[in-house]
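Peer 1: Before I ask anything, let me first share the structure, which is written out below as C-alpha cells.
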Amino acid sequence: MPPEVVASIAGLRARLADARGRGTVIGLVPTMGALHAGHLSLIERARQDCGVVVVSVFVNPTQFDRREDLERYPRSLDSDVQACERAGVDLVFAPDVDEMYRPGAALTIDVGHLGDHLCGRFRPGHFNGVATVVMKLLQIAGPHRAYFGEKDAQQLAIIRRLVEEFDVPVEVVGLPAVREPDGLALSSRNQRLSPAQRQAATGIYRALDAARQAIDAGERDAGKVRATAEAALSAGDGLRLEYVEVVEPAGMQPVDRIDGPVIVAAAAWAGEVRLIDSVRCGIATP
C-alpha cells in the first residue's frame, strides 16, 4: 500500500496515537526530500526496527544561510512518496512552512559551541535551524527511534546532544554514509552537479581516505593529517576547499594530537554546489 501523506501536525499526531496506544514502536526518518539510496538505507533500518515508520519531507528554511541555496534545493514530493511506498513506509509527513513555523514564531535553539567549527563556522545559524526543526519533529511525531546519516557528523553530534540535554525520550540511531562506487557520498545536492563537477567531487573522499590512511599508519599530529588531506584534494581539479578538520567525536572540537577515535570532516565547493563528507578514524593497534 502507498504511504498516507499527512500535511498537518494534528493529523500526524492523530494517526500515531492509536499505534502508540498499542505499544507499537514508532520510527522517524527526518529528510528534506529528494530521496536517494542513503535515505533509503535509513528507512530500511527503521523498517527492520519499528512497527510504524514515518518519513518527514520538509525543506527547512531556517537552516539555509543563503537564499539561493534554499530556492535551488531539489523538491520532488511525488517521487519521494513513490520511493517511500517501495520501501514500506507507513506515513509521509509533508507539512508546508506555515504549518511548521506559525506566524510570529520567534524561538530557536542555540547549539552554542557545538556549532563554532566545521560547517557552523561557515554557515552562521545553520545548526540552530537544524536543532530547532529536529526538536519540533521529535515533539510532533514522538518516535521511539529517529534515524540519521553519519555523513554529516556534526549534525548527528548536535542531535545526540540535543536529545540528551532536553531529555527527549528517543533513541538516536546513526548509520554510515552510503557511497557511490568511486567513494562519493550520496547527497541530494549531487543532482545539481555537472558531469565535470561530479567527477571532481570524488576528490573529497579521496582526501578523507588519505587522512585515514595516515592515521592508520601511525600519524598522530592532527596538523600533518590535515596537510595530507589537503594535498590529496589539491590533486583534483574543479574543487574549492572550504575546510578539512580533525575533531573529537562527542563535541566535534578540533584536536592537535590524535590520542583516540577522531572524525576527519571536510567541505568543498564544486561550482555553486557545497558538498560535505566525513570519516571516522581509530588508532590502529600494534
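Peer 1: So what is the calculated 222 nm ellipticity per residue for the chain, using -39500 (n - 2.57) for each DSSP H run with n of 4 or more, over all residues, to the nearest 500 deg cm²/dmol?
Peer 2: When only DSSP H runs of four or more count, the value is -12500 deg cm²/dmol.
Peer 1: Can you run phi through the Karplus equation (6.51, -1.76, 1.60; θ = phi - 60°) for the range 177-188 and list ³J(HN,Hα) in whole Hz, with x for Gly and Pro?
Peer 2: 4, 9, 10, 5, x, 8, x, 4, 5, 5, 7, 4
Peer 1: If each residue's Cβ is checked for other Cβ atoms within 10 Å, how do M135, M1 rank with the fewest at the top?
Peer 2: Listed from fewest to most nearby Cβ atoms, that is M1, M135.
Peer 1: Under the Karplus relation 6.51 cos²θ - 1.76 cosθ + 1.60, θ = phi - 60°, what is the ordered set of whole-Hz ³J(HN,Hα) values for the range 82-88, x standing for Gly and Pro?
Peer 2: 4, 5, 5, 4, 4, 8, x
Peer 1: Shifting gears a bit: Whole-Hz Karplus ³J(HN,Hα) for the range 107-117, in order, using 6.51 cos²θ - 1.76 cosθ + 1.60 and θ = phi - 60°, x for Gly and Pro?
Peer 2: The phi angles translate into 9, 9, 9, 9, 7, x, 5, 5, x, 7, 10 Hz.
Peer 1: If you put +1 on each Lys and Arg Cβ and -1 on each Asp and Glu Cβ, how big is the dipole of the chain around its Cα centre, in Debye rounded to 20?
Peer 2: Dipole of the chain, to the nearest 20 debye: 200 debye.
Peer 1: Something else: What are the residues whose amide H is under 5 Å from the amide H of G271, where those residues sit 5 or more places off or on another chain and H is modelled from the backbone?
Peer 2: R240
Peer 1: Roughly how many whole Å is it from the C-alpha centroid of the range 114-192 to that of the range 38-112?
Peer 2: Here the two parts' Cα centres lie 12 Å apart.
Peer 1: In Å³ and rounded to a whole number, note down the convex hull volume per residue for the Cα atoms of the chain.
Peer 2: Convex hull volume per residue, Cα atoms: 138 Å³.
Peer 1: What ranking do K151, K136 get, fewest neighbouring Cβ atoms within 10 angstrom at the top?
Peer 2: The most exposed by this proxy come first: K136, K151.
Peer 1: Sequence-distant or interchain residues sharing an amide H contact under 5 Å with E219, placed H: which?
Peer 2: Long-range HN contacts for E219: none found.
Peer 1: Would you please give the residues with an amide H less than 5 Å from that of V5, counting only those at least 5 places away or on a separate chain, with H modeled from the backbone geometry?
Peer 2: V92
Peer 1: What would the Debye formula give as log10 I(q)/I(0) at q = 0.12, 0.15, 0.25 Å⁻¹ for the alpha-carbon point model of the range 188-278, no solvent?
Peer 2: Relative scattering, expressed as log10 I(q)/I(0), comes to -0.36, -0.54, -1.17.
Peer 1: Order by neighbour count: D216, D277, fewest other Cβ atoms within 10 Å first, most last.
Peer 2: Starting with the residue having the fewest Cβ neighbours, the order is D216, D277.
Peer 1: Right, here's the next one. Quick one: work out the % antiparallel among DSSP beta bridges in the chain, nearest 5.
Peer 2: Counting DSSP beta bridges with both partners in the chain, the antiparallel share is about 50 percent.
Here, each number is a calculation from the coordinates, and none is a lab measurement. This one's a predicted model, so the numbers in the text were calculated from it and none came from an experiment. We place every Cβ from the backbone using ideal geometry, glycine too, and count neighbours over all the protein chains shown.
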